[in-house]
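Enquirer: Structure in structure tokens, see below.
Just so it is clear, none of the values below were taken in a lab; they were calculated from the coordinates. Since the structure is predicted, the reported quantities are computational estimates derived from the model, not experimental observations. Backbone-built Cβ (ideal geometry, glycine too); neighbour counts: all protein chains shown.
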Amino acid sequence: MTGPQRTEPIVVVAEQCDEGWELCTGAAGHFSAARLYPPGAWQEQLHEWLGGIEFVDVRAVVLLIAGGDGREYPVTEALLPFPIVSFPRQLALAAFAPADWSAFAVLDGQAGGKCGLVTRSEAGRFYYAESAADDACLAACNFGFWRVVAAGSAAAAAFQCVERVPAEARLAIGAARLAVDALAADGVCRNESASRPQLRLARRRSAGYDIIHTERVFDLENDCLAQAVDGRPVFFAVDVAVLKLYGPGMRKYAKAKLRHCAFATVRSGEASKSWAQVAYLCRQAERAELPRDGIIVGVGGGVTLDVAGLAASLYHRGAPYLRVPTTLLGMVDVAVGIKHGINFKGRKSLLGAFYPPIGAINDFAFLQTLPGSELSNGFSEVVKLGLVRDSLLFRWVEDHGERLVRTGYQDPAEWAFRIALRAEYVMMADLHPNLYEKDRRRFPDFGHTFSTAIEEATRFAIPHGEAVAADMLLATIIANRRGICAEKVLERLVALFGALDLLKVPQACNGEVLAQALTSARLHRGGRIHMVVPRRIGEGAFLDDVTAAEACAALDRAVNICAAQRRRFASAGD
């Protein structure tokens, strides 16, 4: 049976004893009861245990604790496809030392009285060496290791301070704690396995960025952008249409408040998310002599932000990057994450990078020049969050979304701000624990199982928001047919999409496209579909067993729903 996905380290402990090996398994300090297996019989059990765990990242460890007789470990990395960390029993004792001990000895009666020396770094990492002196305990004291962790019948009279490991304490658990820490902590360590020595470097990736809200970012009285770039040279990557509208003001602002500025344009439209655009921006940045500490500022919609972000991740192996989105989709979706992608070989976002920006500046004044269809596309990403993550956000869009689309997202101003801010917050809260997508089950992927294939089938002629909306409709119908969500959930979604002019099924959406989408989802999400569906407004679930036939049945109902909606509008017009 397949277990739940895990991202934390999993440790399997194999502790050598006179009768064979004792095995237990667990994570984060919680371990199963140990069972004894004779030599030659425990490896099969080990495979069975590890086979029941689905790993998002390979973090399983076989932790071997040898006895004191010098026997070799009966396993190698060639036999088991998991990392092996071997511990002498003395090092396992280090886990029982008081937290304020930075240098101490370890002494184990079962290991022939061998004495080891342990130091602990400020980061909490242990370093171990075995003493080779004839009188190891006296030598340890002479070198300042006057404290000792002792187990069994070990004689510790030579030491000034003794921490006795209780007889019932299991060294396996102590060693497992050290292994979990070693996997999770930053630093460099050496693991001695049966087959070869191994060095491990661990460095956790960190990210931190701000979403700043302002009004008329390029007004000379507004210091928001100038403060964000903090005096660094600036290279603007700007959407062509945006530069036509705001170019004079941008150039005045750059001349008055920024330094060493250069401008390059990016063509809008999904078809322009290409390697050629990325290479063009890199060439222009090099021609402008943008230094490594210079900052690339992307100004435009989702396409511009994606292209500029990928260029920033590559230029000088990573230049600081700031986003200034000018569309609703850019503000509530693209600008809050760390992904940047371009299309390649007809495949949407096949190439890309996880590259945290230094931040984003959201200015709702940009939205007043957008057509209603563009705002509706942006609202599709807000609806997705409300439907499976936040019922209040969904209700707010029901109450105010249609008017905001008609008024260029300007009226009611209070609700324009509250909806966008809550959408950004919900999205960031969902991204935060899984920013680099080690776990492929992601609620922000709601509306993104079929939509990519739909866009590709139209050669990106359909707006992204419309494709996402069609995907959400299909997923909700599937959930409703299975009894996962009530009919009322589907009715509210249909009504909201009707109000936002998103209730559409693209002609390119057919059974073949949906079947291909399910296949692609498995390839993209680690072998599982992980389709997000609503349980109720504000709560989602994942499905892994959706079939092409089921998707086609949902498509038939979606087509009928859209046709019925058109008939109602036609009747109302008469």
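Enquirer: Evaluate E = 1/(1 + (r/R0)^6) for D293 and E512, where r is the Cβ-Cβ distance and R0 equals 60 Å; express this FRET efficiency to the nearest 0.05.
Expert: After rounding, the FRET efficiency stands at 0.75.
Enquirer: Something else now. Quick one: which of 370-378, 435-443 comes out on top by average Cβ neighbours within 10 Å, and what's the full order, highest first?
Expert: 370-378, 435-443
Enquirer: Gain in length, Q410 to F354, computed as 0.36 nm per residue apart minus the alpha-carbon separation, to one decimal in nm?
Expert: Contour length minus the Cα-Cα distance gives 16.9 nm.
Enquirer: Please compare each pair in K257/K348; K384/K504; K255/K348 to a cut-off of 27 Å on the Cα-Cα distance and tell me which ones are over it.
Expert: K257/K348; K255/K348
Enquirer: Quick one: which residues, 5+ away or cross-chain, put their amide H under 5 Å from the amide H of N362? H built at 1.01 Å from N.
Expert: I212, H213, T214
Enquirer: Continuing with the same structure: Please give the length that would be gained between A495 and V559 if that part of the chain were fully extended, namely 0.36 nm times their separation in residues minus their C-alpha to C-alpha distance (nm, one decimal).
Expert: 21.5 nm
Enquirer: Show me 465-472, 413-420, 500-507, 511-518 ranked by packing, highest mean number of other Cβ atoms within 10 Å first.
Expert: 465-472, 500-507, 511-518, 413-420
Enquirer: With r as the distance between the Cβ atoms of H316 and A129 and R0 = 41 Å, compute the FRET efficiency 1/(1 + (r/R0)^6) and round to 0.05.
Expert: Once rounded, the FRET efficiency stands at 0.45.
Enquirer: Report the full-extension gain for the segment A541 to R567: residue separation times 0.36 nm, less the Cα-Cα distance, to one decimal in nm.
Expert: Extra length available between A541 and R567 comes to 6.1 nm.
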